[in-house]
Structures are given as structure tokens and as C-alpha cells.
Number of protein chains: 2
Amino acid sequence: MKALRWYGQKDVRIEDVPEPSPGAGEVKVKVKWCGICASDVHEYTSGPLFIPTKKPHPLTGRKAPIILGHEFSGEVVETGSQVKSISVGDKVAVRPTIPCYECHWCRSGRHILCARLATLGLGADGGFAEFVIAPEDCIYRLPGQVSYEIGTFCEPTAVAIHACRKAMVSPGDTTAVVGCGAIGLLVVQATRATGASTVYAIEPNARRRSLAEKLGATVTFDPDRMDAGREIAKLTDGLRVDVAFECAGVPAAMLTALSVTGRGGKIIEVGQMMEPCEFPFQRLFCHDKSIIASQGYENEFPTAISFLSESRVICEPLITVKIKLDNIIEQGIKVLTSERKGEHIRILVSPVS
Amino acid sequence: MKALRWYGQKDVRIEDVPEPSPGAGEVKVKVKWCGICASDVHEYTSGPLFIPTKKPHPLTGRKAPIILGHEFSGEVVETGSQVKSISVGDKVAVRPTIPCYECHWCRSGRHILCARLATLGLGADGGFAEFVIAPEDCIYRLPGQVSYEIGTFCEPTAVAIHACRKAMVSPGDTTAVVGCGAIGLLVVQATRATGASTVYAIEPNARRRSLAEKLGATVTFDPDRMDAGREIAKLTDGLRVDVAFECAGVPAAMLTALSVTGRGGKIIEVGQMMEPCEFPFQRLFCHDKSIIASQGYENEFPTAISFLSESRVICEPLITVKIKLDNIIEQGIKVLTSERKGEHIRILVSPVS
């Protein structure tokens, strides 16, 4: 079958690889669509970050080359022995994370902390391929009204919902989202669906700001042209926001998140920040704020599916182009590492030629 | 009466000032002992930090010169009209914080966030004097077994208990305390009293390490001689600690706190950090950690008094010298800004000549 494999930094290849078969407790999924996530691009430009290259992955035994892609949906075409809850023909989304279920963290119900956590598309073969094998407990049936395209958003929507849960967003909270890429735009919607009264969105790209407004942001700000902290202070009678989500992964966004949060406020770190940030902890201290990292998700796939099926989170406008797997390098990955990356939110990839 | 007044950076003076009288709802306390806190020293070396110098304090109407001192105990000698719960002769500790009780934060029960919060000894006259005036709700009666000397520790003990509450220390948690000055040594004890199973203490000063061990630290580490993160990883089967308290207020301590916490761990910022810290947020993100600022206290004075009266927190070993108010500049403040400061934990000051 055709697949996109990661070999090393700036070395990904479309190759023909053997079609995999499901073992006991595993399900074989024919991939319909798979989104290109910023993590895929990070792994291409700056990796290896999560892909094992020297030692095999402790849970899956796999190392590079690995098939990328972890935001995907598809149709079940085969089930291994012992699979009970899933049937051939099911329309499904796949949770790419596989915890060990044995370590201290798994026993504490904190699967995202599992030291041996494997992710399809990073620590095992993922969704930029014609077929994927996943354990039964990673498979979630999609209701009729959720299309295969929208099904690829279960994963990033779970990220956004997990961030809201870690923030403990409360009814009436005022929130801010710093950075309106796919995750930021999903957080704008998830925070509203979780009871926030007002959502400010801060994003330099005009098209993304306009999208944020369409998807529920109360007011948007261009951080290159105005001091969002000062503007939000004016709009909130000096209280600023209860929760700010840092979804850009750059030091300037973290400092913006600090300045827009009010006394006792929470900053939720959702973006991956590759460089250190010169951070004034005294300002965190003086106003009794917190910074809470929110990586991935745990048991948020069911909520993500429910939010998507009820249109509490809308993803159609996030799909900026659909391409074929044959063209993923030129029309996908290279575009997202070029100056044109700002034009895109999510590029969906189909393995059909 | 005699008092120590702050006039400006490195300008504090022993002066004779008019003896104050209690207004309606106020209590006059004859000060027995008042501890010198690191904040007093900060205000001397680097102030004004909290003392108003230009505009009067919005709640008290006061500005410099201000009588310093906010960790004190004394005897009630007069009560103003409307005072009902406190009587002349009562042995008391005084909570120095006065919230406005009117703002958004006070109405939400978050008094420490009050934008007009006043603190006796910073925004109004404090305890380095023969007498202090405080509102009735700041006055807490001390039980018989708590001496006036120990009564001065209600305030820093409330800081330590508040930090444990913000950390939500749970039974069986493994904790670490980075920096064993007075607050660090109180956090070592408060975290044990709150159910922590193991408390690691990290402190370069040998005398303070030994004190930490006496007061309940399980193992202590000299950060100048060993990598505490690596050592604690060895002792905890790689899990490291659930909660690390940063009680030193320097960037190196924050980075140590990051390295000793395990996956999902919490860093509680208790120290005031005057300089920015180059912080690797990616490490916070990858292991889903949090940084929670814990400033001051809210309603922790009753718990502090109970912990002190039951000897769940022991403070006698923290008193390194007792001096007279006449000598506070030479024997107190100047010592704590000299190379000899490491010899001291708490210097107690008596206004009796």
C-alpha cells in the first residue's frame, strides 16, 4: 500500500509498503481522510521529537521509518480475534494514543502521562496510508451525521476539550485564546460550549481572526497592532480574563497570555514552545496566577464526537484544501513550511489516487 | 511611641511617633514580638515594592513614611466602639491583610486578590512599634500554649498552609521544598501535616539543611554539589515528586523545581522572584506540569494557630536571635542584607527597651 514515511529531519518519502494485518484485539481501518497537524510539520522540520530513531519504542517496538499521520477517520475492513465492540463496515475515528495500562500513571487514570505512551503516526504507523492497524480501544464509532472529513477533527477537538477541562472553565468565565490556528479555533468553540461567557481571540492573521469571529469569538485583536492586555482590561472593567489559552507555541504568545489574564487567572499552555521564554515569574506571583500545561487528551474522544455531531464545534471552515496522498509532500508539508502556511488551517489528505 | 519607619530605599529610621488610638471597629494591640520577614528586607534594599510613596493607599489613605513589620503578636490594650469579639487583655496574633470586602475579588471570596488590599507594615503602620491599630477582623486570639514569640509565626505559617492548599497536597504525595529559609522550613512541616508521605528539601546552606531534617524532611540535598532532579529520580523509581515548592525566589530554584517534579507534577511558586527566568516551557508541556503562584493567605490564620498549638508546626528552632527595637537597624536589617544573613532564619524584635 501507499504511505508517507518519516526517515529523518526533512526526509519524508512516499513509498509502497506491505499492507498490514490485524493481530488479536486489533482492528484494520481503511483510511478515508487524515489531517496534517502542526506536530507532523514539527517532526519534519525539527525532528526527531517523538519518533524513536535509535532504540525501538518501548511499547510498540517500532522505530523510524514510521508512517506519519494521527488525525484520521476511516472504515473498518477487518477485525482481529477477540475484537468484540467493533465490526467490519463501521465508520470510525481512531484515537492514536496507546497507553501501556500498566505503569503508575496508567493505574492513576492519567494515560497521557504514561511513560511508554505510543502514538500512531509517531511511535507506530499512522494515517497517511491506505490502511492502519489500531487496538480495539482506540476505535470510536462516528454517528451518521459526522462525515469522514469531520471525523478527522475528533483528535484536535479532544485536545481543545482537554484544555478546557484542565482549565476548569466555569459558567460565566471570560476567556482568551492566543493564536488561532486549528487548535486555537477549536478552543474558541470548546470554551464557549463549556460555558464561557466571553471569548477574546488574539491572532495576527486577518483571515484567521475573521474565522474566529464566525466561530464564536466575542472580539478579536491583532497583537501586532494593539496591546491586547490593555484593550481587554478596558472591556472588562480592569478584571481581564479568567482563563487564557496559549495556542501559538511562541514566547510572545505566552507573555500576551500573562498580560490578558486577571488576578487569580489561569494560563493554559496548549502550544508547543520550541524555544525558552524569558518569563517574569514575579508578575505571576503578584497576581496569584497559574500556568497549566495541557498536552493531548485522555478520555475526551466521546465528548469530542458528541460536540461535533451536535455542531457545538464546527469544523468545515477549518478545512482549507483537500489533497491526495500522492501529493502530500509538495501540496501539504512543503506548503506548511513555506510562507504560504498562513493561508491554511487544516489540509486533509486522502489515500485514494 | 518608638517605631521603625520606612522612608525610602535603604532609608529606615527609628523615630518617636504619636501613640495611635483605635477608631470604631478597631483594636489597639501592645506589640510583644515582631519577626523580620524577607519582604521587609526586600522593601529596604529594593523598595518601594508595596509601600505607596506618591499616591495614598486606596484603602488606608496612607503613604510613606510607614512603620514596617507584619509578623507580630501582642496584647489587646484598648478596643474601639462596636468591637464585640475581642477584649482588653487578650493575647493575640494579628493578620496584617485588610481587604476592601467590596470588589469583585472580595465578593468572590478571594481576598488576597483584592485590588485595594492593604497590609499593616506596608500599606499602613505595622508591628515594629510599641502599639498597632488593626480592624477587629484581623485579630485572632492565641490559645494558652502558644507563646507571644510563637504567635509571630502565625503569619508565615498561614503562607505555608495556603501554599499546601493551592497545591492540593493529597495523602501520600511526594513533595520537594526548594529553599529552606523560614517559609521553606514551614512548608516542609505544613506539607507533612497535610498528608505528604515524603518531603525532599533542597538547600545550599548546611545549617538550614540540618534544620530541615530535624523538622521532618525525609532527605536533603545540596544543589551546589548534586543534581537534585537526578537523585530524586533514583529514590522514586523515576517518578520524581508530585509537588515542588519554590521557596527561594531565584531562577535556579525554579529550574530545580521543574527538574524534581514528575509527570503531571505541580510547581508552587512561593518565593518572590525579582529577576526574569529563562524558562523551557516545552518541558512543562511535555510532562503536563503546572506552575501555581501562591501569594500570601486568605482564611488560613485559624489553621495556622491550630497547627502551632498542636505542635504540628514547630517554630522555636527558627528563632535565631531576639533583639530590641532600638537595635533593629544594626542587629536586624543590616545583618540580613550582609554576608551573615545565612546564619539567620527569623530575628524577633521586641519594642521593650
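The values are calculated or read from the model by the stated rules, or taken from the named source; none is laboratory data. If you're wondering where the values come from, they're calculated on a predicted model, not measured in any experiment. In this analysis, Cβ positions are derived from the backbone assuming ideal geometry, glycine residues included, and neighbour counts consider all displayed protein chains. Side chains are part of the model used for accessible areas, which takes the heavy atoms of the whole protein and leaves out ligands, DNA and RNA. Shrake-Rupley method; radii C 1.70, N 1.55, O 1.52, S 1.80 Å.
Taking the criterion of being open to solvent by 30 Å² or more (accessible area, probe 1.4 Å) and touching a Cys at 6+ places or on another chain (Cβ under 8 Å), no residue of segment B:296-322 qualifies. Taken over segment B:58-84, the criterion of being touching a residue at least 24 places away in the same chain (Cβ under 8 Å) and out of contact with any strand residue (DSSP E or B) (no Cβ under 8 Å at 6 or more places or on another chain) is satisfied by B:P58, B:S81, B:Q82, B:K84.
A:T256: within 14 Å of another protein chain (Cβ to nearest Cβ) and at pLDDT 95 or above, yes or no? Yes. Please work out if B:I329 is more than 14 Å from every other protein chain (Cβ to nearest Cβ), surrounded by 17 or more Cβ atoms within 10 Å (Cβ to Cβ) and touching a strand residue (DSSP E or B) at 6+ places or on another chain (Cβ under 7 Å). Judged against the criteria, B:I329 is not a match. Looking at B:T261, is it within 14 Å of chain A (Cβ to nearest Cβ), touching a residue at least 60 places away in the same chain (Cβ under 8 Å), open to solvent by less than 10 Å² (accessible area, probe 1.4 Å) and closer than 24 Å to A:C277 by Cβ? Yes.
Considering the conditions (1) more than 16 Å from A:H287 (Cα to Cα); (2) open to solvent by 50 Å² or more (accessible area, probe 1.4 Å); (3) among the basic types (K, R), A:R208 is excluded by exactly one of them, (2). Across segment B:275-309, the qualifying residues are those that are more than 20 Å from A:A167 (Cα to Cα) and of a type in the set (F, W, Y), and the one among them that is nearest to the other protein chains (Cβ to nearest Cβ) is B:F279. Is it the case that some residue within segment A:123-141 is in contact (Cβ under 8 Å) with a residue 60 or more places away in the chain, of a type in the set (D, E) and out of contact with any Gly (no Cβ under 7 Å at 6 or more places or on another chain)? Yes - at least one qualifying residue is present in segment A:123-141.
Reported count of residues in segment A:264-284, each being surrounded by fewer than 23 Cβ atoms within 10 Å (Cβ to Cβ) and basic (K, R), is 1.
Go through segment B:65-95 and give me each residue that's among the basic types (K, R) and out of contact with any Cys (no Cβ under 8 Å at 6 or more places or on another chain). Steps first, please.
As a first pass, look at segment B:65-95 and keep what is among the basic types (K, R): B:84, B:91, B:95.
Once the filter is applied, which keeps residues that are among the basic types (K, R) and out of contact with any Cys (no Cβ under 8 Å at 6 or more places or on another chain), segment B:65-95 yields B:K84, B:K91.
Here are some conditions: (1) without any contact (Cβ under 8 Å) to a residue 40 or more places away in the chain; (2) farther than 27 Å from A:C106 by Cβ; (3) away from every other protein chain (no Cβ under 12 Å). B:L235 meets all but one. Which one does it not meet? With (1) without any contact (Cβ under 8 Å) to a residue 40 or more places away in the chain; (2) farther than 27 Å from A:C106 by Cβ; (3) away from every other protein chain (no Cβ under 12 Å) applied to B:L235, the lone miss is (2). On inspection, B:S73 fails the criterion of being hydroxyl-bearing (S, T, Y) and part of a loop (DSSP other than H, G, I, E, B). Taking interchain pairs and intrachain pairs at least six residues apart, which have beta carbon atoms under 6 angstrom, with the first residue in segment B:104-116 and closer than 17 Å to B:A293 by Cα and within 9 Å of another protein chain (Cβ to nearest Cβ) and the second in a helix (DSSP H, G or I) and open to solvent by less than 20 Å² (accessible area, probe 1.4 Å)? That search, which allows pairs on different chains as well, returns B:W105/B:L113; B:C114/B:C106. Residues in segment B:161-196 that are polar (S, T, N, Q) and out of contact with any Phe, Trp or Tyr (no Cβ under 9 Å at 6 or more places or on another chain): B:S170, B:T194.
The set of residues in segment A:211-238 being assigned to a loop (DSSP other than H, G, I, E, B), open to solvent by 50 Å² or more (accessible area, probe 1.4 Å) and aliphatic (A, V, I, L, M) consists of A:M226 alone.
Among the listed residues A:K54, A:K32, identify the single one that is under 23 Å from the mean Cα position of the chain (by Cα) and open to solvent by 40 Å² or more (accessible area, probe 1.4 Å). Explain how you work it out, then say what you get.
On the way: A:K54 fails: under 23 Å from the mean Cα position of the chain (by Cα).
Answer to the check: A:K32.
Being farther than 19 Å from A:Y7 by Cα, in contact with a His (Cβ under 8 Å, 6 or more places away or on another chain), hydroxyl-bearing (S, T, Y) and within 14 Å of chain B (Cβ to nearest Cβ) narrows it down to one of A:T119, A:T97, so name that one. Please lay out each step first, then the result.
Details: A:T119 fails: farther than 19 Å from A:Y7 by Cα.
The unique qualifying residue is A:T97.
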